[in-house]
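One structure is given here, and the rest of the page talks about it.
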Amino acid sequence: MEGFGVQTYTLINKAGKVHYVKFHWKPTCGVKSLMDDEAIRVGGTNHSHATKDLYDSIASGNYPEWKLYIQTLDPDHEDQLDFDPLDVTKWWPEDIIPLQPVGRLVLNRNIDNFFNENEQLAFNPGLVVPGIYYSDDKMLQCRIFAYGDTQRHRLGPNYLMLPVNAPKCPHHNNHYDGFMNFMHRDEEVDYFPSKFTNVANAEKFPIPGRICSGKREKACIEKENNFKLPGDRYRSWAPDRQERFIKRVVDGLSDPRVTFEIRSIWVSYWSQADKSLGQKIASRLNVRPNI
(Lines give C-alpha, C1' and ligand atoms only; values in the text may rest on other atoms or scores of the structure.)
Protein backbone atom coordinates (compact mmCIF):
# COMPACT_ATOMS: atom_id res chain seq x y z
CA MET A 1 0.00 0.00 0.00
CA GLU A 2 1.17 3.49 -0.83
CA GLY A 3 0.94 6.32 1.66
CA PHE A 4 1.01 10.04 1.12
CA GLY A 5 0.33 13.12 3.19
CA VAL A 6 -2.86 15.01 2.49
CA GLN A 7 -1.34 18.13 4.00
CA THR A 8 1.14 20.48 2.37
CA TYR A 9 4.11 21.53 4.50
CA THR A 10 7.05 23.75 3.63
CA LEU A 11 10.78 23.09 3.44
CA ILE A 12 13.07 25.94 4.47
CA ASN A 13 16.77 26.15 3.64
CA LYS A 14 19.38 28.03 5.64
CA ALA A 15 18.87 31.12 3.54
CA GLY A 16 15.19 31.12 4.48
CA LYS A 17 13.91 30.15 1.01
CA VAL A 18 10.59 28.32 1.24
CA HIS A 19 9.17 25.55 -0.94
CA TYR A 20 5.88 23.73 -0.56
CA VAL A 21 6.37 19.99 0.00
CA LYS A 22 4.27 16.84 -0.04
CA PHE A 23 5.58 13.53 1.33
CA HIS A 24 5.00 10.12 -0.29
CA TRP A 25 5.74 6.53 0.76
CA LYS A 26 6.14 3.99 -2.05
CA PRO A 27 6.47 0.28 -1.16
CA THR A 28 9.45 -1.40 -2.84
CA CYS A 29 7.42 -4.60 -3.24
CA GLY A 30 4.84 -2.82 -5.38
CA VAL A 31 1.12 -2.23 -4.91
CA LYS A 32 -1.40 -5.07 -4.82
CA SER A 33 -5.19 -4.93 -4.64
CA LEU A 34 -7.99 -7.45 -4.22
CA MET A 35 -10.72 -7.93 -6.80
CA ASP A 36 -14.30 -7.79 -5.51
CA ASP A 37 -14.70 -11.57 -5.29
CA GLU A 38 -11.27 -11.92 -3.67
CA ALA A 39 -12.09 -9.27 -1.07
CA ILE A 40 -15.25 -11.15 -0.09
CA ARG A 41 -13.38 -14.45 0.20
CA VAL A 42 -10.22 -13.19 1.92
CA GLY A 43 -12.00 -10.69 4.17
CA GLY A 44 -14.57 -13.29 5.16
CA THR A 45 -11.82 -15.70 6.18
CA ASN A 46 -9.83 -13.13 8.19
CA HIS A 47 -10.90 -9.50 8.44
CA SER A 48 -7.36 -8.64 9.64
CA HIS A 49 -5.59 -10.44 6.79
CA ALA A 50 -3.43 -7.43 5.88
CA THR A 51 -2.29 -6.97 9.50
CA LYS A 52 -1.49 -10.69 9.75
CA ASP A 53 0.51 -10.57 6.53
CA LEU A 54 2.52 -7.61 7.84
CA TYR A 55 3.17 -9.30 11.20
CA ASP A 56 4.16 -12.63 9.60
CA SER A 57 6.48 -10.94 7.10
CA ILE A 58 8.36 -9.08 9.82
CA ALA A 59 8.52 -12.18 12.04
CA SER A 60 10.01 -14.24 9.19
CA GLY A 61 12.69 -11.63 8.42
CA ASN A 62 11.09 -10.53 5.15
CA TYR A 63 11.12 -6.90 6.25
CA PRO A 64 8.77 -4.59 4.30
CA GLU A 65 10.36 -1.43 2.96
CA TRP A 66 9.03 1.88 1.71
CA LYS A 67 10.92 4.56 -0.20
CA LEU A 68 10.28 8.16 0.86
CA TYR A 69 9.73 10.69 -1.92
CA ILE A 70 8.92 14.37 -1.88
CA GLN A 71 7.29 16.76 -4.32
CA THR A 72 8.36 20.38 -4.03
CA LEU A 73 6.81 23.52 -5.45
CA ASP A 74 8.01 27.12 -5.34
CA PRO A 75 5.11 29.17 -3.88
CA ASP A 76 5.92 31.87 -6.43
CA HIS A 77 4.77 29.42 -9.12
CA GLU A 78 1.52 28.21 -7.59
CA ASP A 79 -0.60 30.56 -9.70
CA GLN A 80 0.69 28.76 -12.80
CA LEU A 81 -1.34 25.68 -11.84
CA ASP A 82 -5.00 25.31 -12.78
CA PHE A 83 -5.85 24.21 -9.22
CA ASP A 84 -4.97 25.34 -5.71
CA PRO A 85 -1.97 23.25 -4.52
CA LEU A 86 -3.07 23.78 -0.90
CA ASP A 87 -6.50 22.23 -1.59
CA VAL A 88 -6.49 18.93 0.33
CA THR A 89 -8.88 17.34 -2.18
CA LYS A 90 -6.23 17.55 -4.91
CA TRP A 91 -3.04 15.65 -5.60
CA TRP A 92 -0.07 17.10 -7.44
CA PRO A 93 0.37 15.51 -10.89
CA GLU A 94 3.73 13.76 -10.95
CA ASP A 95 4.38 14.64 -14.60
CA ILE A 96 4.29 18.32 -13.61
CA ILE A 97 5.81 18.08 -10.13
CA PRO A 98 8.05 14.97 -10.14
CA LEU A 99 8.79 12.74 -7.17
CA GLN A 100 12.27 13.03 -5.67
CA PRO A 101 13.68 10.14 -3.59
CA VAL A 102 15.00 11.23 -0.19
CA GLY A 103 14.95 8.22 2.15
CA ARG A 104 13.47 4.87 3.13
CA LEU A 105 11.61 3.14 5.94
CA VAL A 106 12.11 -0.51 6.95
CA LEU A 107 9.88 -2.26 9.49
CA ASN A 108 12.23 -4.78 11.12
CA ARG A 109 10.56 -5.54 14.46
CA ASN A 110 7.08 -6.42 15.63
CA ILE A 111 5.88 -4.67 18.74
CA ASP A 112 6.06 -6.49 22.09
CA ASN A 113 3.36 -4.60 23.97
CA PHE A 114 0.44 -3.45 21.86
CA PHE A 115 -0.81 -0.86 24.35
CA ASN A 116 2.58 0.74 25.06
CA GLU A 117 3.81 0.78 21.47
CA ASN A 118 0.59 1.28 19.52
CA GLU A 119 -2.32 2.57 21.60
CA GLN A 120 -0.18 5.32 23.13
CA LEU A 121 1.21 6.56 19.81
CA ALA A 122 0.48 10.23 19.30
CA PHE A 123 1.21 11.49 15.81
CA ASN A 124 0.86 15.24 15.66
CA PRO A 125 1.20 17.37 12.51
CA GLY A 126 1.99 20.33 14.75
CA LEU A 127 5.34 18.82 15.81
CA VAL A 128 7.97 19.60 13.18
CA VAL A 129 11.75 19.49 13.06
CA PRO A 130 14.00 22.38 11.95
CA GLY A 131 13.80 22.82 8.19
CA ILE A 132 10.14 21.77 8.00
CA TYR A 133 7.37 24.26 8.68
CA TYR A 134 3.68 24.74 8.05
CA SER A 135 1.89 26.14 5.02
CA ASP A 136 -1.41 28.02 4.70
CA ASP A 137 -3.16 24.70 4.08
CA LYS A 138 -6.51 25.32 5.82
CA MET A 139 -6.94 21.82 7.21
CA LEU A 140 -3.33 21.69 8.40
CA GLN A 141 -3.84 24.95 10.29
CA CYS A 142 -6.76 23.33 12.15
CA ARG A 143 -4.86 20.13 12.84
CA ILE A 144 -1.72 21.68 14.27
CA PHE A 145 -3.94 23.14 16.97
CA ALA A 146 -6.43 20.32 17.52
CA TYR A 147 -4.19 17.24 17.62
CA GLY A 148 -2.18 18.35 20.65
CA ASP A 149 -5.32 19.08 22.68
CA THR A 150 -6.77 15.70 21.78
CA GLN A 151 -3.61 13.85 22.79
CA ARG A 152 -3.22 15.74 26.06
CA HIS A 153 -6.79 14.71 26.89
CA ARG A 154 -6.28 11.11 25.79
CA LEU A 155 -2.78 10.42 27.16
CA GLY A 156 -2.03 13.20 29.62
CA PRO A 157 -0.24 16.56 29.45
CA ASN A 158 3.20 14.94 29.26
CA TYR A 159 2.39 12.43 26.52
CA LEU A 160 5.56 13.43 24.66
CA MET A 161 7.64 11.91 27.47
CA LEU A 162 6.22 8.44 26.83
CA PRO A 163 8.95 6.27 25.25
CA VAL A 164 6.88 5.60 22.13
CA ASN A 165 6.55 9.35 21.48
CA ALA A 166 9.88 10.69 22.80
CA PRO A 167 12.96 11.14 20.58
CA LYS A 168 15.37 8.19 20.53
CA CYS A 169 18.34 10.50 20.92
CA PRO A 170 19.14 12.39 24.16
CA HIS A 171 16.85 15.37 24.47
CA HIS A 172 16.09 18.25 26.80
CA ASN A 173 13.03 20.32 27.41
CA ASN A 174 11.60 22.77 29.90
CA HIS A 175 8.74 20.56 31.06
CA TYR A 176 8.22 20.96 34.77
CA ASP A 177 5.60 19.23 36.93
CA GLY A 178 2.23 18.35 35.47
CA PHE A 179 0.51 14.99 35.71
CA MET A 180 2.72 11.98 34.96
CA ASN A 181 5.87 14.05 34.52
CA PHE A 182 8.79 11.75 35.28
CA MET A 183 11.66 14.06 34.30
CA HIS A 184 13.85 14.76 37.35
CA ARG A 185 14.57 18.38 38.27
CA ASP A 186 16.86 19.06 41.24
CA GLU A 187 16.12 22.76 41.63
CA GLU A 188 13.19 25.11 41.58
CA VAL A 189 12.42 26.68 38.24
CA ASP A 190 11.92 30.38 37.71
CA TYR A 191 9.64 30.43 34.72
CA PHE A 192 10.61 33.90 33.56
CA PRO A 193 13.40 34.36 33.04
CA SER A 194 14.11 30.64 33.01
CA LYS A 195 17.20 29.19 34.64
CA PHE A 196 17.24 26.57 31.91
CA THR A 197 18.81 28.34 28.98
CA ASN A 198 19.11 25.43 26.55
CA VAL A 199 16.15 26.69 24.53
CA ALA A 200 17.27 30.31 24.60
CA ASN A 201 20.72 29.31 23.36
CA ALA A 202 19.52 26.83 20.76
CA GLU A 203 20.77 27.21 17.20
CA LYS A 204 18.60 29.58 15.24
CA PHE A 205 16.62 28.20 12.35
CA PRO A 206 14.73 30.45 9.95
CA ILE A 207 10.96 30.62 10.23
CA PRO A 208 9.38 32.08 7.11
CA GLY A 209 7.86 35.49 7.37
CA ARG A 210 5.19 36.59 4.97
CA ILE A 211 3.56 39.99 4.54
CA CYS A 212 -0.18 39.58 4.09
CA SER A 213 -2.83 42.15 3.26
CA GLY A 214 -6.55 41.85 2.75
CA LYS A 215 -9.52 40.68 4.77
CA ARG A 216 -10.17 37.43 6.58
CA GLU A 217 -13.29 35.67 5.38
CA LYS A 218 -14.91 32.29 5.01
CA ALA A 219 -15.08 31.54 1.30
CA CYS A 220 -14.76 28.76 -1.24
CA ILE A 221 -11.38 28.01 -2.80
CA GLU A 222 -11.10 30.11 -5.93
CA LYS A 223 -9.54 27.50 -8.21
CA GLU A 224 -11.50 24.39 -7.27
CA ASN A 225 -11.21 22.59 -10.64
CA ASN A 226 -12.85 19.54 -9.09
CA PHE A 227 -13.14 17.34 -12.16
CA LYS A 228 -9.90 17.53 -14.15
CA LEU A 229 -7.74 15.44 -11.81
CA PRO A 230 -10.33 12.63 -11.40
CA GLY A 231 -10.67 12.57 -15.19
CA ASP A 232 -6.91 12.36 -15.63
CA ARG A 233 -6.75 9.50 -13.13
CA TYR A 234 -9.53 7.58 -14.92
CA ARG A 235 -7.89 8.06 -18.33
CA SER A 236 -4.56 6.78 -16.95
CA TRP A 237 -6.05 3.35 -16.17
CA ALA A 238 -5.97 0.31 -18.43
CA PRO A 239 -9.32 -0.54 -20.12
CA ASP A 240 -10.01 -3.49 -17.80
CA ARG A 241 -9.58 -1.30 -14.74
CA GLN A 242 -11.82 1.37 -16.25
CA GLU A 243 -14.48 -1.29 -16.79
CA ARG A 244 -14.25 -2.49 -13.17
CA PHE A 245 -14.62 1.10 -11.98
CA ILE A 246 -17.70 1.68 -14.14
CA LYS A 247 -19.28 -1.53 -12.87
CA ARG A 248 -18.77 -0.52 -9.23
CA VAL A 249 -20.31 2.91 -9.82
CA VAL A 250 -23.27 1.45 -11.70
CA ASP A 251 -23.83 -1.25 -9.06
CA GLY A 252 -23.88 1.39 -6.33
CA LEU A 253 -26.25 3.73 -8.16
CA SER A 254 -28.54 0.84 -9.16
CA ASP A 255 -29.60 0.38 -5.55
CA PRO A 256 -33.39 0.95 -5.45
CA ARG A 257 -32.95 3.35 -2.54
CA VAL A 258 -31.00 5.73 -4.81
CA THR A 259 -33.39 8.25 -6.34
CA PHE A 260 -33.42 9.24 -9.99
CA GLU A 261 -32.30 12.74 -9.01
CA ILE A 262 -29.22 11.44 -7.20
CA ARG A 263 -28.34 9.17 -10.14
CA SER A 264 -28.58 12.15 -12.49
CA ILE A 265 -26.36 14.30 -10.29
CA TRP A 266 -23.68 11.61 -10.05
CA VAL A 267 -23.78 10.97 -13.79
CA SER A 268 -23.25 14.70 -14.33
CA TYR A 269 -20.22 14.60 -12.01
CA TRP A 270 -18.58 11.69 -13.84
CA SER A 271 -19.41 13.32 -17.19
CA GLN A 272 -17.55 16.46 -16.16
CA ALA A 273 -14.56 14.32 -15.19
CA ASP A 274 -14.62 12.40 -18.48
CA LYS A 275 -17.35 12.67 -21.11
CA SER A 276 -17.07 9.05 -22.28
CA LEU A 277 -17.14 7.81 -18.68
CA GLY A 278 -20.36 9.72 -18.03
CA GLN A 279 -21.91 8.35 -21.21
CA LYS A 280 -21.08 4.75 -20.31
CA ILE A 281 -22.49 5.09 -16.82
CA ALA A 282 -25.58 6.92 -18.08
CA SER A 283 -26.37 4.28 -20.71
CA ARG A 284 -26.29 1.47 -18.14
CA LEU A 285 -28.46 3.43 -15.72
CA ASN A 286 -30.81 4.74 -18.40
CA VAL A 287 -30.05 8.29 -17.29
CA ARG A 288 -29.28 11.28 -19.50
CA PRO A 289 -26.15 13.24 -18.52
CA ASN A 290 -27.10 16.72 -17.31
CA ILE A 291 -24.07 18.96 -17.77
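Any residue that is open to solvent by 30 Å² or more (accessible area, probe 1.4 Å) and touching a Gly at 6+ places or on another chain (Cβ under 9 Å) - is there at least one of those in segment 105-114? So far as segment 105-114 goes, yes, one or more of its residues are open to solvent by 30 Å² or more (accessible area, probe 1.4 Å) and touching a Gly at 6+ places or on another chain (Cβ under 9 Å). Quickly run through segment 8-29 and pick out the residues that are within 30 Å of residue 57 (Cβ to Cβ), part of a strand (DSSP E or B) and open to solvent by 50 Å² or more (accessible area, probe 1.4 Å). Scanning segment 8-29 gives 23, 25. Residue 65 satisfies every condition listed in (1) under 24 Å from residue 26 (Cα atoms); (2) touching a residue at least 60 places away in the same chain (Cβ under 8 Å); (3) open to solvent by less than 70 Å² (accessible area, probe 1.4 Å) except (2). Across segment 116-125, a minimum of one residue is classified as open to solvent by 90 Å² or more (accessible area, probe 1.4 Å) and touching a helix residue (DSSP H, G or I) at 6+ places or on another chain (Cβ under 9 Å).
Every residue in segment 126-140 that is surrounded by 11 or more Cβ atoms within 10 Å (Cβ to Cβ), part of a loop (DSSP other than H, G, I, E, B) and free of Cβ contacts under 8 Å to residues at least 60 places away in the same chain, please.
126, 127, 136, listed by residue number.
The values are calculated or read from the model by the stated rules, or taken from the named source; none is laboratory data. Fair warning: this is a prediction, and the values are worked out from it, not measured in the lab. Cβ atoms come from the backbone with ideal geometry, glycine included; neighbour counts cover every protein chain shown. In case anyone asks, the SASA skips ligands and DNA or RNA and just uses the protein heavy atoms, side chains included. Shrake-Rupley method; radii C 1.70, N 1.55, O 1.52, S 1.80 Å.
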